[in-house]
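Presented below is the structure to which this report refers.
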Amino acid sequence: MRYLILSDIHGNIDALEAVMADAEGKYDKILCCGDLVGYGAEPNAVVDWCRANVSVVIRGNHDKVASGVEKMEDYNPAAVLSTMWTRKALTPENVEYLRVLPKGPVEVDGFSLAHGSPFDEDEYLVTVYDAANAWESMPTPVTFFGHTHLQGGFFIRRASVREIDKVPPGNHEATVVIDDDSRFLINPGSVGQPRDRDPRSAYAIYSTDDRMVTYYRVHYDIVKAQNKILNAQLPEPLALRLAVGC
Ligand code: ZN
C-alpha cells in the first residue's frame, strides 16, 4: 500500500492542489497529521476536500482552537486573529468535523500518525533531544508527525538519534529506506505553511511494500495564496511568510 501523508495544510487550498497534482498516480490512500485550518484564507475548501478524500485525519492544535475544543493559550497575535477569523468563516458542518477529529497517535496499518509528539499532541519535535525523549512513547517503529512545519524528522539506530534531511533546495524528492534496525519519526513537512526556509509545499509518500518513504517539494502559486490572505484582511505577516518559508 502507498500512503500519501499530508500535514499542516492550514487553509491553503492552492498549495494543496499543487501537491495533489504532483502526487497523482503515486498513492492508494491519503492520511493527514492535522492542522487543516488556521493562517490560510480557505479553511472550508480544505476541510471539504479532506472530508471527501482523506482516509484518516488526526487533530492539530489549530483544529482544536478553531472548533472550540481548546482555548487559545500562548498564541501570538497573528495566530489569535487568524483563529478568530477561521471560527467565523467555517461552516457549522466543518466545525463539527474538526471538533470530533481523533487525538493522535492513531495507528494505521502498523505505523502511527501524531500531530506533535507521540506522548503529547502539542509538543514540538525540533531537535534530536526532543526526539530522544519521544522514543519510548512511540506506539510503532514508524510514526509520522507534523506541528513543526519542518520536513525531515529523525531515526534512532543503536541508541543514537540522528536527523533525517529534508529535500535539498532545487531537488524535487529524497528517499529514506525503512529498515528493521531503526525506529523512525518522520515529518512529511507542511503543505500550506512551510517553515524550513523552503517555501515550496511539502508532502511524503510511504510505500509499505517497498519499505520506503519519499519526501517531496513542489512549487505552487504563492502569490495567489498571499492575495487571498490579504483580501480576507488576515494579518499581513501570514501572507509574507509564505514567500520565504518561515
Ligand atoms: Zn501547524
Inset, instruction - Let me have the relative contact order for the chain, percent, based on Cα pairs under 8 Å that are six or more residues apart. - result: 23
Legend entry - Dipole magnitude of region 195-246 about its Cα centre (Cβ charges: Lys, Arg +1; Asp, Glu -1), debye to nearest 20: 160
Inset, instruction - Can you figure out the FRET efficiency of residue 137 with residue 70, using R₀ = 22 Å and their beta-carbon distance, to the nearest 0.05? - result: 0.60
Inset, instruction - Quick one: what are the phi-derived ³J(HN,Hα) couplings along region 128-143, Karplus 6.51/-1.76/1.60 with θ = phi - 60°, whole Hz, x for glycine and proline? - result: 5, 6, 4, 5, 4, 6, 9, 4, 5, 9, 6, x, 9, x, 10, 10
Legend entry - Helix-derived mean residue ellipticity, 222 nm - over the chain, DSSP H n ≥ 4, -39500 (n - 2.57), to 500: -8500 deg cm²/dmol
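Dipole of region 71-172, Cα-centred, from +1 at each Lys and Arg C-beta and -1 at each Asp and Glu C-beta, to the nearest 20 debye?
200
Sorting check: for 30-39, 83-92, which peptide has the highest mean count of neighbouring beta carbons within 10 Å, and how do the rest follow?
Answer by packing, highest mean first, reads 30-39, 83-92.
Every read-out reported here was derived from the displayed coordinates using simple, explicitly stated rules and does not represent laboratory data. Fair warning: this is a prediction, and the values are worked out from it, not measured in the lab. Every residue, glycine among them, receives a Cβ derived from its backbone with ideal geometry; neighbour counts consider all protein chains shown.
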